[in-house]
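S.K.: Dropping the structure in here first, questions after.
The values are calculated or read from the model by the stated rules, or taken from the named source; none is laboratory data. Since the model is a prediction, treat every value here as computed from it, not as a measurement. Heads up, the Cβs are rebuilt from the backbone with ideal geometry, glycines too, and the neighbour counts pull from every protein chain shown. When the accessible area is computed, the model is the full protein with side chains, heavy atoms only, and any ligands, DNA or RNA have been set aside. Shrake-Rupley method; radii C 1.70, N 1.55, O 1.52, S 1.80 Å.
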Amino acid sequence: MKEPGKSSGMQFHRRAFLQGSGAVAAATAISGGAAEAATKAARVVRSKTKITLHVNGADHEVEVEPRETLLEVLRYQLDLTAAKPVSSDGSSGASTVLVDGKPMTASTLLALACRGKKIETCEAVSSHHPDKVCEAFVKHDSLQCGFCTPGFVVAVRAFLKRHPNATREQIRQGLNGNLCRCGTYADMIEAVTDLVKGGGNG
Ligand code: FES
């Protein structure tokens, strides 16, 4: 009687066959130049590169992997923690920084792609004493836990530069890229409206 899983005339194990054929298929797929290219690519993905980032008016030399985001480098290499890791897709706006003057979410930018760009974080904003946006936020009690606040402050400053005479509706629309889980939107709109009325753009 035949043993299950064995063919007559040779020792045939189904599992061994599947493993063997898988290995052959993989070897065929990456044979020759393709295998070499795959090895090189793996090496590139793993390696770190030394780059210089221009952040808050100074050059910083950092070592980054290709997959690292600007947010990770700011927080874990440069110790600039105002931009927050809330959403890797940038939907919360909590990691908003200025890149060449434009508000962008650091969580969606690769650090390598930021070489040669001028990056400003909320730490640079808070070095202006007194800062009008921060003052307006305090005056209108526009924060609770404050986790979203640095992102909002950077976004408000950029918004007011482009729209110094914004209406209430424009302010509402202009800041819709940032989310506040504590729901202090009404107070933030008041703060920004105050800044527009006062002619202050932070
Ligand atoms: S103040 Fe808490 S998330 Fe905005």
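S.K.: Let me confirm something: among L195, L80, which residue is aliphatic (A, V, I, L, M), part of a helix (DSSP H, G or I) and either open to solvent by 10 Å² or more (accessible area, probe 1.4 Å) or more than 14 Å from the ligand (Cβ to nearest atom) (or both)? It would help to see each step written out before you state the result.
M.R.: On the way: L80 fails: part of a helix (DSSP H, G or I).
One residue alone meets the criteria, L195.
S.K.: For segment 159-186: of the residues being within 21 Å of T81 (Cα to Cα) and in contact (Cβ under 8 Å) with a residue 40 or more places away in the chain, which is farthest from the ligand (Cβ to nearest atom)? Quick ask: steps written out before the conclusion?
M.R.: To start, the set of residues in segment 159-186 that are within 21 Å of T81 (Cα to Cα) comprises 177-182.
Adding the requirement that they be in contact (Cβ under 8 Å) with a residue 40 or more places away in the chain leaves 177-179.
Working: G177: 14, N178: 9, L179: 7 Å.
Across segment 159-186, the extreme among qualifying residues is G177.
S.K.: Can you name every residue in segment 127-149 that is within 16 Å of the ligand (Cβ to nearest atom) and part of a helix (DSSP H, G or I)? Show your work before the answer.
M.R.: Filtering segment 127-149 down to residues within 16 Å of the ligand (Cβ to nearest atom) leaves 133-134, 136-149.
Listed by number, the residues that qualify are V133, C134, A136, F137, V138, K139, T149.
S.K.: Spot the failing condition for V156; the list is (1) more than 16 Å from the ligand (Cβ to nearest atom); (2) at pLDDT 95 or above, and only one is missed.
M.R.: So V156 meets the others, but not (1).
S.K.: Mind listing just one residue for me: the one in segment 57-77 that is open to solvent by 50 Å² or more (accessible area, probe 1.4 Å) and touching a residue at least 24 places away in the same chain (Cβ under 8 Å) and, of those, nearest to A113 (Cα to Cα)? Working first, answer last.
M.R.: Kept after step one, since they are open to solvent by 50 Å² or more (accessible area, probe 1.4 Å), are these residues of segment 57-77: 57, 59-61, 63, 67, 72, 76-77.
Subsequent filtering for residues that are touching a residue at least 24 places away in the same chain (Cβ under 8 Å) retains 57, 67, 72.
Numbers: G57: 18, R67: 11, E72: 13 Å.
Per the criteria, the residue is R67.
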